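Participant: Here it is: the structure, laid out below.
The values are calculated or read from the model by the stated rules, or taken from the named source; none is laboratory data. Everything numeric here is computed off the predicted structure, so don't read it as measured data. Backbone-built Cβ (ideal geometry, glycine too); neighbour counts: all protein chains shown. Only protein heavy atoms, including side chains, enter the accessible area calculation; ligands, DNA and RNA are left aside. Shrake-Rupley method; radii C 1.70, N 1.55, O 1.52, S 1.80 Å.
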Number of protein chains: 2
Amino acid sequence: MADYDRRTILAGSAAMAGLATATTAPAIAAGRDDKAVRDAIAKNHDAAVQRLKDWIALPSIAAEGRNMPEGAAHMEGLLREAGFQTVKQVPTSGYPVVFGTLDAGAKKTMGIYFMYDVKQYDPAEWTSPPLEGKIVDRAGLGKVMMGRGAVNQKGPQATFLAALHAMKAAGRKLPVNLVLVAEGEEEIASPHFPEAVAQPDVLAALRKCVGVIIPTGWQSPSDGGVAINLGAKGALELELVVSGEKWGKGPKGDIHSSQKARVDSPAWRLVAALQTLVTPDGNMPAIDGYMDKVRPLTPRQLALIAENARASSEEETKRLLGVSQWIDGMTWEESLVRLAAVPTVNIEGLVSGYTGPGGKTILPGRAVAKLDLRLVPDMTKEDSLAKLRAHLDRRGFNDVEIVVGGGYGPTETDENSALIRAQRATYTRFDVPTTLYPRLAGSWPGVVFTGAPVSLPAGQFGLGHGSGAHAPDEYFLIESSNPKVAGMDEAALGFVDFLYQIAAIG
Amino acid sequence: MADYDRRTILAGSAAMAGLATATTAPAIAAGRDDKAVRDAIAKNHDAAVQRLKDWIALPSIAAEGRNMPEGAAHMEGLLREAGFQTVKQVPTSGYPVVFGTLDAGAKKTMGIYFMYDVKQYDPAEWTSPPLEGKIVDRAGLGKVMMGRGAVNQKGPQATFLAALHAMKAAGRKLPVNLVLVAEGEEEIASPHFPEAVAQPDVLAALRKCVGVIIPTGWQSPSDGGVAINLGAKGALELELVVSGEKWGKGPKGDIHSSQKARVDSPAWRLVAALQTLVTPDGNMPAIDGYMDKVRPLTPRQLALIAENARASSEEETKRLLGVSQWIDGMTWEESLVRLAAVPTVNIEGLVSGYTGPGGKTILPGRAVAKLDLRLVPDMTKEDSLAKLRAHLDRRGFNDVEIVVGGGYGPTETDENSALIRAQRATYTRFDVPTTLYPRLAGSWPGVVFTGAPVSLPAGQFGLGHGSGAHAPDEYFLIESSNPKVAGMDEAALGFVDFLYQIAAIG
């Protein structure tokens, strides 16, 4: 899933150049300034690029059951080559999680989250074959590698591995130990990842960590800026299904529409159930008790949002979204507060009966609404689902099925945690402008780490740039011609530096 | 369109064998008993079958703009060969209508309705190529011709033409003059057919007719029975469309679903608009004023329905429909009354956002409900549309677009009209059990003839059998091995006989 609204976030951060810079950067000679490591990265460049290219050529897609054992095995190999001493597959009731540890004899341990799966793709929509990993020129950026998974997440992950290879080649011990978990079901909303994390050995290893990062490459092309997200909403994807079969009324299959005069309609029943879930304007959840656990934003969170509002462009965001006004004619700042503060009940899709061009006179036997619910602290996936079920049952919609696709609760990380302070230190050392954003409206499974039983700070980190996640022509920047944005080598150095910051910051 | 629910109707009539037989049959030596005509039909058999086969090989599909000029030209040729003296194309703002007259010097004139278009098809779903018109054996029936248009309506129409060829070959003058109109847009709900009928020469010709028939072949395979329908509901197919574009709120295209927190949703707006159109159970229209023009069923209509209820099988109908109970637990007779009496607002289809397997986290920019509305006398298409628009506007849904696909009002024909009496006379002479059904819940554009300015009795007529209209493996019975059902030759004789009955009945 990892469905951050990347484009919009970047549009925001680009406009916020220089807004908030870190103030917590101790000077460390190692990392960014270590010539031996820089040279090793440069020397290993071609090997690192080839490693990414080879990885892109092997797409693992959980939704299609495609190359899953191959993807897990490949992931194991990549970790062993990078210096992980123990690497194994942790079985789950879905696809296995790959678990690796690297003991550097250091005092601190850092957690790393990888995914070895990628999103589905349609080669017909691409200008370059999605498995070829072709290097192409991109105006204003430089040479990029184009392929499925290039930015989500093989590119940033391969860059992190390149950092480890360079440290080894330069004869440097890692400043921190590593614990890495790589799942194969991220794109289907991580349904079995918590199982693997709950395994005693995995859990024990993770609990030694100071925090967990997912490697990213989200620098803004306009100013090189990065938004540091202190949390994200949770997400719950599900289908509401009404069928003649389950209902016991209406037809079991599609029948001639003239029968509507005497036969109940699953589609009308779906409409009746749906309209109870939100206020009449569709803008606030109306599920009984759904708002009970909503924790209000803190004054600090509101202040961060106000800063973001002042420094970012409403017009640009509206243009990118194709939206001419916010709900209820809200101001820009109000819209940002709402984006962070309120849970949602959204219709992703409606499917019933005939969906082609024109009409077809049928009374459909089945109707489906695809919903996604965004959750804020202290809501949970389980509690929200239970409330939805109770809400429907209370209104007599016991037959309306809830088919859960996946999801997880919201995640939060303290801005004063070592993880966030180390991030800001490295970004500052690389002259990367940063902003703090209190809560992404999009979602990622960070709660697996920030929630019980792991309970660690977790977030994204990385220099570099890529785009097109889940879309055609996905790419990752290899050689930058843009002085504000890191290429793959500089991004690798960024990861090295970050590990030193983690080691240094108490 | 012509979306009678054929299977269900036949299931009913099969169960009603012998219920109502005609009592109005004067003995006429001609027609059924004319040996010269019978011999001519037999002699022409191969030519008639080849004519149908050639016609099936030329599919005209208005929705796809396929073979429309070719189809109209072919239709002209068929009419000329069958003895029509004047044949021409009548232009409309859509595809042309073919108009032919055959002056036999008779006192009376009969109107005939043809269509030269067929429904779309997917060859992959057929066991025999849909344009090949292959003769295949069908258990319990005999040799059938399989192909798109075989029963809807090329088979029955070719059979009617075979009747004319045989009369000519036997040296018989037709007992009535003929006026024939053939449209090419029946399958897209006849949007321009009324234009052609309103042309002065076409209108003048039709007004001389005693009535209009559409040739059919709907004998039940189990008892050879035919239901004589005295009317049909009107139908109105339309889409309700909510889009960010028109609304000025929400996104213009699909955007990331996390934006729901601050962006309006066209899908939720569609749900809100939809649920105002029907009662909460989805079973009665709630459009303001929609029921005002509903004319109650007469005692005679109710009596006919009661007869039908007694003679037909509720269990069999439920089994065929895959329905275990009627609305509100109604009885069988109540369900049949409702089928004839009440107008409907049905959801044919719902389409918004992501409609594939699983989910996709988007906020769709557009949402569409495909509706079909069934109308009873004295409702009209125009008035019903106006009321729907006013209903939505009154509730502030001015932005919700109504995109009309097609439609027409309800149709009625008096059971005492010469047209119906002639039908019953012929059916009786061929030992075909008949039932009278007051009003089809399905629809056909009969109102073009029964309504102003033509104002004639109109209905279906024909012996023979076929099935699979709009479906794969559509067929028409050529040589019957079932003693209760007419093959193509006997059905041709049925048309000859019917023309004599029309001439005789005052």
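Participant: Counting alpha carbon pairs within less than 8 Å and at least 6 residues apart, what relative contact order, in whole percent, applies to chain B?
Facilitator: That works out to 28 percent.
Participant: Something else: What FRET efficiency do you get for residue B:306 and residue B:120 if R0 is 41 Å and r is their Cβ-Cβ distance, rounded to the nearest 0.05?
Facilitator: In this case the efficiency is close to 0.55.
Participant: Please compute the length gained on full extension between residue B:203 and residue B:319, using 0.36 nm multiplied by the number of residues separating them and subtracting their Cα-Cα distance.
Facilitator: Stretched fully, the residue B:203-residue B:319 segment lengthens by 37.3 nm.
Participant: Ordered by residue, what ³J(HN,Hα) values in Hz, to whole numbers, does the range A:66-72 give under the Karplus form 6.51 cos²θ - 1.76 cosθ + 1.60, where θ = phi - 60° and Gly and Pro are x?
Facilitator: 9, 6, 6, x, 4, x, 5
Participant: Please list, in chain and number order, the residues 5+ apart from residue A:255 or on another chain whose amide H is under 5 Å from its amide H, with Hs placed from the backbone.
Facilitator: Answer set, sorted by chain and number: A:363, A:365.
Participant: Taking 7 Å along the Cα-to-C-beta vector as the label spot, tell me the residue A:385-residue B:298 distance in nanometres, rounded to one decimal.
Facilitator: It works out to 6.1 nm between the two label points.
Participant: If you don't mind, another one. Mind checking the angle between helix A:6-15 and chain A's longest principal axis? C-alpha axes, 0 to 90 degrees, to the nearest 10.
Facilitator: So the inclination is approximately 60 degrees.
Participant: To continue, here is another question. Order A:154, A:293, most accessible first, counting only protein heavy atoms with a 1.4 angstrom probe.
Facilitator: Output order, biggest surface exposure first: A:293, A:154.
Participant: Which of A:277, A:309, A:37 sits farthest toward the positive end of the charge dipole of chain A, with +1 on the Cβ of Lys and Arg and -1 on the Cβ of Asp and Glu?
Facilitator: A:37
Participant: Taking a probe of 1.4 angstrom, what is the accessible area of residue B:70 in Å², to the nearest 10?
Facilitator: Around 90 Å² of this residue is reachable by solvent.
Participant: Using the 7 Å Cα-to-Cβ label point, sort the distances from residue B:320 to its equivalents in the other copies shortest first and give them in nm to one decimal.
Facilitator: 5.9
Participant: While we're here: With every protein chain left in place, what is the accessible area per residue of the protein assembly as shown in square angstrom, probe 1.4 Å?
Facilitator: With all protein chains present, the protein assembly as shown gives 34 Å² per residue.
Participant: Summed for both chains, how many Å² of accessible area, to the nearest 100, are buried between A and B with a 1.4 Å probe?
Facilitator: Between A and B, the summed buried area is about 6000 Å².
Participant: Using only the alpha-carbon atoms, how far is helix A:381-394 inclined from the longest principal axis of chain A? Give it as 0 to 90 degrees, nearest 10.
Facilitator: 10
Participant: Can you list residues whose amide H is under 5 Å from residue A:97's amide H, if they're 5+ apart or on another chain and H is modeled 1.01 Å from N?
Facilitator: A:90, A:92
Participant: How many Cβ atoms of partner chains, on average, are near each residue of B:313-325 if near means within 10 Å of its Cβ?
Facilitator: Averaged over the peptide's residues, the number is 4.
Participant: Give me the net charge of residue B:403's neighbourhood, meaning all other residues with Cβ under 14 Å from the Cβ of residue B:403; Lys, Arg count +1, Asp, Glu -1.
Facilitator: Net of charged neighbours comes to -3.
Participant: Please compute the average number of Cβ atoms from other chains found within 10 Å of each residue's Cβ in peptide B:364-371.
Facilitator: 4
Participant: Quick one: label points 7 angstrom along Cα→Cβ at residue B:207, distances to the other copies in nm, smallest first?
Facilitator: 9.6
Participant: Right, something else. So what's the net charge close to residue B:98: Lys and Arg +1, Asp and Glu -1, counting the other residues with Cβ under 9 Å from its Cβ?
Facilitator: Result for the neighbourhood of residue B:98: -1.
Participant: Pop out the carbon and sulfur fraction of the accessible area of the range A:148-222 as a percent, whole number, probe 1.4 Å.
Facilitator: Answer for the range A:148-222: carbon and sulfur cover 57 percent of the accessible area.
Participant: Which ³J(HN,Hα) values, rounded to whole Hz and listed in residue order, are derived for the range B:252-265 from phi using the Karplus coefficients 6.51, -1.76 and 1.60 in 6.51 cos²θ - 1.76 cosθ + 1.60 with θ = phi - 60°, glycine and proline given as x?
Facilitator: Values per residue, Gly and Pro as x: 6, x, 6, 10, 4, 5, 4, 5, 3, 4, 10, 10, 5, 10 Hz.
Participant: If Lys and Arg each add +1 and Asp and Glu each add -1, what is the summed charge of the other residues whose beta carbon sits under 10 Å from the beta carbon of residue A:147?
Facilitator: +1
Participant: Provide, as a two-decimal number, the C-alpha radius of gyration of the protein assembly as shown over 2.2 N^0.38 Å, N being how many residues it has.
Facilitator: 1.17
Participant: Moving on to the next point. Excluding ligands and nucleic acids, what accessible area in Å² is computed for residue A:328 using a 1.4 Å probe, to the nearest 10?
Facilitator: Ignoring ligands and nucleic acids, residue A:328 comes out at about 120 Å².
Participant: Follow-up. Using θ = phi - 60° and the Karplus relation 6.51 cos²θ - 1.76 cosθ + 1.60, list the HN-Hα couplings for the range B:191-201 in order, rounded to whole Hz, with x at every Gly or Pro.
Facilitator: x, 10, 4, x, 4, 5, 5, 7, 4, x, 5
Participant: Moving on to the next point. Between copies, how far does the label point of residue B:83 sit from its twins, in nm, shortest first, when each point is 7 Å from Cα along Cα→Cβ?
Facilitator: In nanometres, ordered from closest: 9.9.
Participant: Using the structure shown, list the pairs from B:107/B:143; A:249/B:252; B:246/B:318; B:88/B:108; A:233/B:252; B:260/B:293 with a Cα-Cα distance above 32 Å, or answer none.
Facilitator: B:107/B:143; A:249/B:252; B:246/B:318; B:260/B:293
Participant: Leaving ligands, DNA and RNA out of it, rank B:279, A:127, B:434 by accessible area with a 1.4 Å probe, largest first.
Facilitator: A:127, B:279, B:434
Participant: Using r as the Cβ-Cβ distance of residue B:85 and residue B:246, and R0 as 51 Å, what FRET efficiency do you calculate, to the nearest 0.05?
Facilitator: E between residue B:85 and residue B:246, to the nearest 0.05, is 0.45.
Participant: Among B:166, B:179, B:354, pick out the residue whose Cα is farthest towards the positive end of the charge dipole of chain B, where Lys and Arg carry +1 and Asp and Glu carry -1 on C-beta, about the Cα centre.
Facilitator: B:179
Participant: Tell me, what is the 1.4 Å probe accessible area of residue B:397, in Å² to the nearest 10?
Facilitator: We get 20 Å² for residue B:397.
Participant: At a 1.4 Å probe radius, which order do A:284, B:330, A:110 fall into by accessible area, largest first?
Facilitator: Putting A:284, B:330, A:110 in descending order of accessible area: A:284, B:330, A:110.
Participant: Inside 10 Å of the C-beta atoms of B:234-241, what's the mean count of C-beta atoms belonging to other chains?
Facilitator: 2
Participant: How high is the FRET efficiency from residue B:66 to residue B:398, r the C-beta distance, R0 35 Å, rounded to 0.05?
Facilitator: Rounded to the nearest 0.05, the efficiency is 0.40.
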